[in-house]
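Asker: Below are the structure tokens for one structure; questions will follow.
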Amino acid sequence: MGVHFSLRVCVPLLLAGNNLVFAATASDPLQETPATAFPYDIPHMQEEAVAAGIEHSYRGPWEYFVGGGVASFDCNADRMPDLFMAGGVEPAQFFVNESKKGGPLKFRKIELPGLSGRDKTRVLGAYPINFDNDAHTDLVVLRLGENLILKGEPDCSFSKANNELNFDGGIDWSTAFAATWEENSIFPTMAFGNYVDRTAPGSPWGTCAANILARPLNAEGSLPDYSEALNLEPAHCALSVLFTDWNKSGQPSLRVTNDRQYYRGGQEQLWRLEAGRPPRQFSSSQGWKPLRIWGMGIAEADLDQDGLPEYALSSMGDTMLQTLDPDADAERPTYRDAAYEKQMTAHRPYTGTDLKPSTGWHTQFADLNNDTHLDLFIAKGNVEAMPDFAAFDPDNLLMGDGQGKFVENGAKAGIALDTRGRGAAVVDLNADGMQDLVVVNREANASLFRNMGAQTEWGHRPMGNWLAIELRNGKTNVNAIGARISIKTGNVTQSRMVQIGGGHASGQLGFAHVGLGVAERATIRVQWPGGDWSHEYRVFANNFVQLTKGQPEALYWYPRER
Amino acid sequence: MSVENKLSKRFKTSSRFFPLHALAGLLYVSWPAAVVWSADEPWAETTAAIGQTEVMPAGMLGEKELLELIETGEQLFSAKFTRPDGAGRPAATQAIIPTKVRHRTEQAFARLPGPDAQACSSCHNDPVIGGAGDFVTNVFVAEGFGNANFDTSDPQFSNERGTNHLFGAGLLELLAREMSADLAITRREALDNAAQRQEPVKVELLTKGVSFGYLTAMPDGLVDLKLVDGVDDDLIVRPFSQKGVMTSLRQFSVNAMNHHHGMQATERFGARWTAEPDFDEDTVSDELTAADISALVAWQATLAPPVQIQPDDVNWQQAAATGKSLFGQFECSSCHKTSLPLKSLSFADPGALDVAGTINTTQVESPAIYDLALLGWAKDLPRNDKGEILVPLFGDLKRHKMTDRSVAALGNELLSQRFVGRDIFMTSELWGIGSTAPYGHRNDFTTLDEIILAHGGAGRAARDAYLDADPEARSALIAFLKTLVIE
């Protein structure tokens, strides 16, 4: 399989090992979008990490070239997103959100008394989850070595629950995580993506560690029993995994993006999961087209609202956008790449003089200007000092243009910093309805961007209308992981999937955010886990709402103002 | 001054140039080269008042600035918009969210889905410009998303509505803003109390003597709104339209300009939101600026409120006095409250309560603020012992269900509007009712007697009291209502 750059006008620059690298010429049509072509608001992202109390870097040698995640979730029942950041060889840190509605971002670092000093280090990423269906969000911590499942307790305290859950955290180099509630299960099935097996002969080349699928053995009780985890093999050095209902079957499969840097004979993967049966990998005879990229992160969104999600895959060079091919059907996951036609390859830095290919990590779809068109954030940064790739490699903010294409606005938004981004979260940190951005950087302080709104001559003004939606599924799977939220304004329907997984070592749990443009109200329907559709909830714009399965009315939530 | 004279005056003073397509008029057809109009051509087929307010007004306006703005607003309100102005919307529906048509229509006007009028004053003209309209001016309200080009008055496609008058509209908006602020404070205090006490707190949503039900605040910031009554869940009192679903004159103006005239305001239909300066594809870009809308708002907001006259006829005087007393006895005033107290006459435009798509205070450096006290009519408004202005609206700015099992004449709509059920309407303000027959949301009723008898649901008790009264009492009540006029 050849290299999957999709540049239409390009010249070979150099050959370096098995990394065939291209750089676009000045006539590259992707670079010809005029500066004034984007008519919608561009958010002004103001960096204020230090002022906000975030002093944190992700550091370490080769094993920490990947990872560097951040988990965003509420740990103290105030519904404001708190941040857990991986530190590599440095301790992971936890920051409690003390921001006020619409105000400057403010965080307070707290200690994690439930964790030993050893457990706090060698952390690569983290994903929030509520595995025990209680009132507190739990946390899965990915490490170089034993992974941790931390049971959430009141006021941002956690306790290590590996033993209680019969969970073997392993000794692998874990870089990816996803979770789903399989049919009729009261506890989650968890997938751990592992990277290079450093102990294998010949490491690191062609020695990818097996991925892990941990299904709960019990169907009752207060805690899951993960004593019989499966090895998912073959494995190809995963850097992101995501449970996804790619064919609208109601039965999620496991999408795995893998780093071709180290595997031999590997490719991207999709595993079929059926309750009570071992996972099975989709093969080429089943329509799966082998794809080999430096897969770093997965972001899912249904961009064309056909109910079938697209996947943005970050890589080195071109970002991919996988969309179902016309040859596909419900049993044949045949994908084609649509990144070029959507002008979202983001294959090299969009500013500066460095024309080498860029290196993408965390990817996330979000509507940062609330115009109803999804944008794509990609954290960028050289692996360490790879000479064939851009050294100055700013993060991308590819903004949806409403016509199905994307326009790069990272520089105008203010996020084009000289950092090496890794994990990230696009999330509203100050409850003003505009999504902010936190990026964990390698060997540099994290970036914390407050979305100020659109810049004007006299200050800033808010952008479009918005909604933030929290789901409550009931006694099990309380956060409704696997639900689909359908939001209708006029003739426009948007959707959001509630998922745990994807990105790059970074998970989020909290309100689902949707931009409404000029709509002052919206109707919402929820397809709950299990497939049942809700009735229509009618809600007014610029509000936080909670929808509970079986409840006829939305509850509104108001952040504290003092 | 007649409309024609005013238009002539505007043409002489305009400095704008407009293209004219020679076949502009009834049909959208291919057009030859455009005529370029000059401001010194009195025969120009363009509206000089468009663009006359060059900069969106800001800060405290003096009397002179305000009167100029009002004058321009009146010109815009009475202007017969033309194709060169941008009238018509061949590619856009009447929807409040910019929406493309599925099927373009050839005609410039369409009686049912609109555009259905060349001027605001084409309908709002009884008894004078800014007033209400006869049945012939009814409009057909549909969302404009699906079936936007409906060609039947069958109520399954639209709600047919009469034209309301606009007199006293600025006072209504000010009242609604103060009530909305009160409700927001009540909600905030309930949330703070719930958080402090760590238990749910139930509070009554009471403002200016009007109860909007109850809410329950939870310690974690959630709010249960099941018992909220007569106002939207966001607790914003929306004072305009038969349903009480429009927040401001600004929002209503932007909506109506598109719906009825195909004149699209940049603040909602412009490139910032639609990526197109000419969303309706009529070859005219940015048809109405934010400053134009400000002028329209200023004229409407400063319209004098209706008054209660003292009839010359002595018998009418006596009957009206009796009727005024009966109005309370029959408990008409439980909803048609004689007045509501208003703290301030400072009108800010834009206001704070609109959301993206209608400019609000967050979208400008400084809103224009004009003191309605500058206007002569304001001096005649009564005040209470707190110094508050008593706005004699004869309403409560609250929605009520107006039907029951046996009295359901006002339940003749099939479509809810903006989440408001089909038989729920905001209390109609009775000020000016003596000047604005016919009555009812569809202008179905030719007499006050008929519309009173049509009150079911929340109005049933008052209606029954009226029905049970002797004919002289009923006559007296109507004599009173007939004194509430637009002058």
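Where a number appears in this text, it was derived from the coordinates with a stated rule and is not lab data. Since the model is a prediction, treat every value here as computed from it, not as a measurement. Heads up, the Cβs are rebuilt from the backbone with ideal geometry, glycines too, and the neighbour counts pull from every protein chain shown.
Asker: How high is the relative contact order of region B:81-123, given as a whole-number percent (alpha carbon pairs under 8 Å, six or more residues apart)?
Answerer: 35 percent
Asker: Now a separate question. In what sequence, highest mean first, do B:219-228, A:65-74 appear when ranked by Cβ atoms within 10 angstrom?
Answerer: A:65-74, B:219-228
Asker: Same structure again: Mind jotting down the distance between the C-alpha centroids of region A:125-175 and region A:63-98, whole Å?
Answerer: A separation of 13 Å, based on Cα centres.
Asker: Sort region A:126-195 into rounded, prolate or oblate with this rule: let a ≥ b ≥ c be the square roots of the eigenvalues of the Cα gyration tensor; rounded if a/c is under 1.5, and if a/c is not under 1.5, prolate when a/b is larger than b/c, oblate otherwise. Display every interim value, and only then the final one.
Answerer: Working: a/c = 1.82, a/b = 1.22, b/c = 1.49.
In terms of gyration-tensor shape, oblate.
Asker: For region B:372-442, just run the numbers: alpha carbon Rg, then divide by 2.2 N^0.38 Å, N being how many residues it has. List each step's numbers first, then the result.
Answerer: On the way: Rg = 16.6 Å, N = 71, 2.2 N^0.38 = 11.1 Å.
Compactness ratio reported: 1.49.
Asker: Can you give the mean number of other chain Cβ atoms that lie within 10 Å of the Cβ atoms in peptide A:461-468?
Answerer: Working: counts 8, 5, 4, 5, 3, 2, 0, 0.
The mean count of partner-chain Cβ atoms within 10 Å per residue comes to 3.
Asker: Please report, in debye to the nearest 20, how large the charge dipole of chain A is about its Cα centre when each Lys and Arg carries +1 at its beta carbon and each Asp and Glu carries -1 there. Walk me through the numbers on the way to the answer.
Answerer: Working: 49 positive and 68 negative charges, 34 e Å.
Dipole of chain A, to the nearest 20 debye: 160 debye.
Asker: Using just the helices of chain B, give the 222 nm mean residue ellipticity in deg cm²/dmol: DSSP H runs with n ≥ 4 each add -39,500 (n - 2.57), and the total is spread over all residues, rounded to 500. All intermediate terms of the calculation are to be shown ahead of the outcome.
Answerer: On the way: 11 runs with 126 residues, N = 487.
Calculated at 222 nm, the ellipticity per residue is -8000 deg cm²/dmol.
Asker: Separate question: Take the alpha carbon atoms of region B:39-108, find their center, do the same for region A:404-418, and report the distance between the two centers in whole angstrom.
Answerer: 36 Å
Asker: Taking the Cα centre as origin and putting +1 on Lys and Arg beta-carbons and -1 on Asp and Glu beta-carbons, what dipole magnitude results for the protein assembly as shown, to the nearest 20 debye?
Answerer: Working: 92 positive and 132 negative charges, 190 e Å.
With Lys and Arg at +1 and Asp and Glu at -1, about 920 debye.
Asker: A further question on this structure: Can you pull the percent of Cα pairs in chain B with separation above 41 Å? Mind dumping the intermediate values first?
Answerer: Working: 23853 of 118341 pairs.
So the portion of pairs separated by more than 41 Å is 20 percent.
Asker: Need one number for region A:173-274: average projected area of the convex hull over its C-alpha atoms, nm². Each step should come with its number before you reach the end.
Answerer: On the way: hull surface 26.8 nm².
Averaged projected area of region A:173-274's Cα convex hull equals 6.7 nm².
Asker: What 222 nm value per residue comes from the helices of chain A, counting each DSSP H run with n ≥ 4 as -39,500 (n - 2.57) and dividing by all residues, nearest 500 deg cm²/dmol? Write down the numbers at each step before the final one.
Answerer: Working: 3 runs with 12 residues, N = 562.
Helices in chain A give a 222 nm mean residue ellipticity of -500 deg cm²/dmol.
Asker: Okay, next question. Report Rg/Rh for region B:290-362, rounded to two decimals, where Rg is the Cα radius of gyration and Rh the Kirkwood radius. Provide the component values of the computation, followed by the final result.
Answerer: Details: Rg = 18.9 Å, Rh = 16.1 Å.
Taking Rh as the inverse mean 1/r over Cα pairs, Rg/Rh reads 1.17.
Asker: For A:86-93, what's the mean count of beta carbons from other chains sitting within 10 Å of each residue's beta carbon?
Answerer: Values: counts 0, 0, 0, 0, 0, 0, 0, 0.
Mean shielding by partner chains, rounded to a whole number: 0.
Asker: Which number comes out as Rg/Rh for region B:53-151 once both Rg and the Kirkwood Rh are worked out on C-alpha atoms?
Answerer: Details: Rg = 16.4 Å, Rh = 15.6 Å.
Reported Rg/Rh (Cα atoms, Kirkwood Rh): 1.05.
Asker: Using the Cα atoms of region B:424-487 to build a convex hull, what is its mean projected area in square nanometres?
Answerer: Details: hull surface 17.2 nm².
So the mean shadow area of the Cα hull is 4.3 nm².
Asker: Then there's this: Can you run the Rg to Rh ratio on chain A? Use alpha carbon positions and the Kirkwood inverse-distance Rh. Don't jump to the answer; show the numbers that get you there.
Answerer: On the way: Rg = 21.5 Å, Rh = 23.2 Å.
Using Cα coordinates only, the ratio equals 0.93.
Asker: Filter the chymotrypsin sites (Phe, Trp or Tyr not before Pro) in region A:419-495 down to the DSSP loop ones having no more than 13 other Cβ atoms within 10 Å, then list what survives. All intermediate terms of the calculation are to be shown ahead of the outcome.
Answerer: Details: sites: A:Phe449, A:Trp458, A:Trp466; in loops: A:Trp458.
Answer by residue number: A:Trp458.
Asker: For region B:148-217 and region B:321-367, what is the separation of their Cα centres, given in Å?
Answerer: Cα centroid of region B:148-217 versus Cα centroid of region B:321-367: 11 Å apart.
Asker: Give me the aspartates and glutamates in straight-line cross-link reach of B:Lys379: C-alpha distance below 14 Å, same-chain residues under 8 apart excluded.
Answerer: Answer for B:Lys379, where 14 Å is the Cα cut-off: B:Asp371, B:Glu388, listed by chain and number.
Asker: What average count of beta carbons from other chains do you get within 10 Å of the Cβ of residues in B:273-281?
Answerer: Details: counts 10, 6, 9, 2, 1, 0, 0, 0, 0.
Average per residue, whole number: 3.
Asker: Taking 26 Å as the cut-off for C-alpha to C-alpha distance, list the pairs among A:Lys248/A:Lys549; A:Lys405/A:Lys549; B:Lys226/B:Lys386 that go past it. Present the calculation step by step, with values, prior to reporting the outcome.
Answerer: Values: A:Lys248/A:Lys549 21 Å; A:Lys405/A:Lys549 35 Å; B:Lys226/B:Lys386 34 Å.
The pairs that break the limit, which is 26 Å between Cα atoms, are A:Lys405/A:Lys549; B:Lys226/B:Lys386.
Asker: On to the next question. Give the value in nm², to one decimal: projected area of the alpha carbon convex hull of region A:292-402, averaged over all directions. Display every interim value, and only then the final one.
Answerer: Numbers: hull surface 29.7 nm².
With every direction weighted equally, the projected area is 7.4 nm².
Asker: Moving on to the next point. Would you mind calculating the relative contact order of chain B from Cα pairs under 8 angstrom and at least 6 residues apart, reporting the percent as a whole number? Walk me through the intermediate numbers first.
Answerer: Details: 1039 pairs, mean separation 83.3, N = 487.
With pairs under 8 Å counted, the relative contact order is 17 percent.
Asker: Here's a follow-up. Counting only complete DSSP H runs, which helices of chain B cover 24 Å or more along their long axis at the Cα atoms and score a mean Kyte-Doolittle of -1.0 or above? All intermediate terms of the calculation are to be shown ahead of the outcome.
Answerer: Working: long enough: B:169-197 (42 Å, -0.09).
Membrane-span-like by this rule: B:169-197.
Asker: To continue, here is another question. Give me A:Val518, A:Val407 sorted ascending by neighbouring Cβ count inside 10 Å, so fewest comes first. Write down the numbers at each step before the final one.
Answerer: Details: A:Val518 26, A:Val407 21.
Listing A:Val518, A:Val407 from fewest to most nearby Cβ atoms yields A:Val407, A:Val518.
Asker: Got the relative contact order for region A:170-222 handy, in percent, Cα pairs under 8 Å and 6 or more residues apart? All intermediate terms of the calculation are to be shown ahead of the outcome.
Answerer: Working: 85 pairs, mean separation 17.3, N = 53.
Rounded, it is 33 percent for region A:170-222.
Asker: Then there's this: HN-Hα J couplings of region A:200-217 from phi, Karplus 6.51/-1.76/1.60, θ = phi - 60°, integer Hz, Gly and Pro as x?
Answerer: Karplus values, whole Hz, x for Gly and Pro: 6, x, x, 3, x, 6, x, 10, 8, 6, 5, 7, 10, 10, 10, 9, x, 7.
Asker: Something else: Can you sort A:His504, B:His124, B:His261, A:His535 so the residue with the fewest Cβ neighbours within 10 Å comes first? Before the final figure, lay out each step's value.
Answerer: Details: A:His504 34, B:His124 24, B:His261 27, A:His535 10.
So the residues, fewest neighbours to most, are A:His535, B:His124, B:His261, A:His504.
Asker: Quick one: what Rg and Dmax do you get for region B:169-224 from the alpha carbons, in Å?
Answerer: Reported Rg and Dmax, both Å: 12.7, 43.
Asker: Quick one: 3J(HN,Hα) in Hz for region A:178-190, Karplus 6.51/-1.76/1.60 with θ = phi - 60°, rounded, Gly and Pro as x.
Answerer: 7, 9, 8, 9, 6, 3, 6, 8, 8, 10, x, 8, 10
Asker: Note down the net charge around A:Glu90, summing +1 for each Lys or Arg and -1 for each Asp or Glu among other residues with Cβ under 12 Å from its Cβ.
Answerer: Numbers: positive: A:Arg59, A:Lys120, A:Arg122, A:Arg442; negative: A:Glu55, A:Glu443.
Around A:Glu90, the surrounding residues sum to +2.
Asker: May I pose another question? Which entries of B:Lys208/B:Lys324; A:Lys101/A:Lys151; A:Lys106/A:Lys160; A:Lys120/A:Lys151 have Cα-Cα distances beyond 19 Å here?
Answerer: Numbers: B:Lys208/B:Lys324 21 Å; A:Lys101/A:Lys151 29 Å; A:Lys106/A:Lys160 28 Å; A:Lys120/A:Lys151 15 Å.
Flagged as over cut-off: B:Lys208/B:Lys324; A:Lys101/A:Lys151; A:Lys106/A:Lys160.
Asker: Charges at C-beta only: +1 for Lys and Arg, -1 for Asp and Glu. How large is the resulting dipole of region B:169-224 about its Cα centre, in Debye rounded to 20? Let's see the in-between values first.
Answerer: Working: 6 positive and 9 negative charges, 15 e Å.
It works out to roughly 80 debye.
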